[in-house]
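**Student:** I'd like to ask you about the structure that follows.
The values are calculated or read from the model by the stated rules, or taken from the named source; none is laboratory data. What you are looking at is a predicted structure, and each value in this text was computed from that prediction instead of being measured. Here the Cβ is made from the backbone with ideal geometry for all residues, glycine too, and neighbour counts use every protein chain on show.
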Amino acid sequence: MTQPHPLVFLVDVDNTLVDNDGIQQDLKDHLERTYGVAARDRYWRILEDLMVELGYRDYIGALQKFRVEHPREMELLAMSSYLMDYPFAERLYPNALEVLKRLRSLAPTAILTDGDVVFQPRKVEHAGLAKVADGNVLIYIHKEEALEDVERRFPAEHYVLVDDKLRILDAVKKIWGERVTTVLPRQGQYAHDAKVISALPPADVTIEHIGDLLQYDLARLRTAALNPA
């Protein structure tokens, strides 16, 4: 049986390491410029409906459904190239890679994210995250429901989970309890959702930017689960 590590860092991607709100805005702008407002709005409606159905944004799946509605518009095929060739590295938050390097130097570190089987892995790879994390990339449909598998792959006495979604942090906290320190970077739409913030307990640690972890004391991260701040 594999001996557990004293500590493992688990770090989200969208709006944690990568400005996903910015990617979405770029996509909306591109759709409007290239195909018009109606096409932009229809694609986004399909995308949001799939989000409700699947629990994550399936950009490629939404494009396929959009194409079914317009089977003879060959111009739509270029949208797949826009999505797959997007310069994800340009949307990294300041010091995101440096934070991953620092965490990795202290303890095993893994990317832990939700998403589809095509777009999300490409984002992680082309943003440079997979390389810095030594290939330790976990992509689930609902990561908060896959903690048993996370523990199997990265057994640890204690985890530090960094995620912009308070809902995810709270769900993991309910399962792992004091074995996890939850860290909320106040970046992106979900981290500023007043309704969610008022309905859920705060994270053990709240920071303004992912880059703040460059200076954060590791010992405080280990004990913050017992003494939230």
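**Student:** Looking only at residues in the stretch 99-128 that are out of contact with any helix residue (DSSP H, G or I) (no Cβ under 7 Å at 6 or more places or on another chain) and under 26 Å from residue 62 (Cβ atoms), which one is surrounded by the fewest Cβ atoms within 10 Å (Cβ to Cβ)?
**Tutor:** Per the stated criteria, the residue is 117.
**Student:** Hey, among 148, 125, which residue is under 20 Å from residue 176 (Cα atoms), assigned to a helix (DSSP H, G or I) and either of a type outside the set (A, V, I, L, M) or touching a Lys or Arg at 6+ places or on another chain (Cβ under 8 Å) (or both)?
**Tutor:** On the way: 125 fails: under 20 Å from residue 176 (Cα atoms).
Testing whether each residue is under 20 Å from residue 176 (Cα atoms), assigned to a helix (DSSP H, G or I) and either of a type outside the set (A, V, I, L, M) or touching a Lys or Arg at 6+ places or on another chain (Cβ under 8 Å) (or both) leaves just 148.
**Student:** Further question: Only one of these is under 27 Å from residue 131 (Cβ atoms) and among the acidic types (Asp, Glu): 19, 49, 41. Name it.
**Tutor:** 19
Here's the yes/no breakdown for (1) on the phi > 0 side of the Ramachandran plot; (2) among the β-branched types (Val, Ile, Thr); (3) assigned by TED's automatic domain parsing to the domain that holds residue 187; (4) under 12 Å from the mean Cα position of the chain (by Cα):
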position	(1), (2), (3), (4)
104	no, no, yes, no
113	no, yes, yes, yes
118	no, yes, yes, no
126	no, no, yes, no
129	no, no, yes, yes
151	no, no, yes, no
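Per-residue answers, yes or no, for (1) at pLDDT 90 or above; (2) more than 17 Å from residue 125 (Cβ to Cβ):
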| site | (1), (2) |
| --- | --- |
| 5 | yes, yes |
| 10 | yes, yes |
| 41 | yes, yes |
| 50 | yes, yes |
| 57 | no, yes |
| 71 | no, yes |
| 76 | no, yes |
| 88 | yes, no |
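**Student:** Between 150, 132, which is out of contact with any strand residue (DSSP E or B) (no Cβ under 7 Å at 6 or more places or on another chain) and at pLDDT 95 or above?
**Tutor:** Numbers: 150 fails: out of contact with any strand residue (DSSP E or B) (no Cβ under 7 Å at 6 or more places or on another chain).
That would be 132, the only listed residue that is out of contact with any strand residue (DSSP E or B) (no Cβ under 7 Å at 6 or more places or on another chain) and at pLDDT 95 or above.
**Student:** Just to be sure, is residue 11 β-branched (Val, Ile, Thr) and within 18 Å of the chain's Cα centre (by Cα)? Before you say what the answer is, go through the steps one by one.
**Tutor:** Details: β-branched (Val, Ile, Thr): yes; within 18 Å of the chain's Cα centre (by Cα): yes.
Against the criterion (β-branched (Val, Ile, Thr) and within 18 Å of the chain's Cα centre (by Cα)), residue 11 qualifies.
**Student:** Now for a different question. Would you confirm whether any residue within the stretch 62-75 is among the hydrophobic types (A, V, I, L, M, F, W, C), exposed (fewer than 14 other Cβ atoms within 10 Å of the Cβ) and either touching a Phe, Trp or Tyr at 6+ places or on another chain (Cβ under 6 Å) or farther than 30 Å from residue 218 by Cα (or both)?
**Tutor:** From the stretch 62-75, those among the hydrophobic types (A, V, I, L, M, F, W, C) are 62-63, 66, 68, 74; that's our starting set.
Then keep just the ones that are exposed (fewer than 14 other Cβ atoms within 10 Å of the Cβ); that gives 68, 74.
Filter again for either touching a Phe, Trp or Tyr at 6+ places or on another chain (Cβ under 6 Å) or farther than 30 Å from residue 218 by Cα (or both), leaving 68, 74.
Yes: one or more hits.
**Student:** Quick check on my filter: what residues within the stretch 81-117 are within 23 Å of residue 149 (Cβ to Cβ) and in contact with a Leu (Cβ under 9 Å, 6 or more places away or on another chain)?
**Tutor:** Step one: list which residues in the stretch 81-117 are within 23 Å of residue 149 (Cβ to Cβ), which gives 100, 103-104, 107-117.
Result: 100, 103, 107, 108, 109, 110, 111, 112, 113, 116.
**Student:** Specify which of the listed residues (43, 59, 35) is buried (at least 19 other Cβ atoms within 10 Å of the Cβ) and either polar (S, T, N, Q) or within 27 Å of residue 96 (Cα to Cα) (or both). Step through it out loud before you land on a result.
**Tutor:** Details: 43 fails: either polar (S, T, N, Q) or within 27 Å of residue 96 (Cα to Cα) (or both); 35 fails: either polar (S, T, N, Q) or within 27 Å of residue 96 (Cα to Cα) (or both).
None of the others qualify; the one that does is 59.
**Student:** Restricting attention to the stretch 131-143, and to residues there that are within 12 Å of the chain's Cα centre (by Cα) and surrounded by 19 or more Cβ atoms within 10 Å (Cβ to Cβ), which single residue is nearest to residue 92 (Cα to Cα)?
**Tutor:** 139
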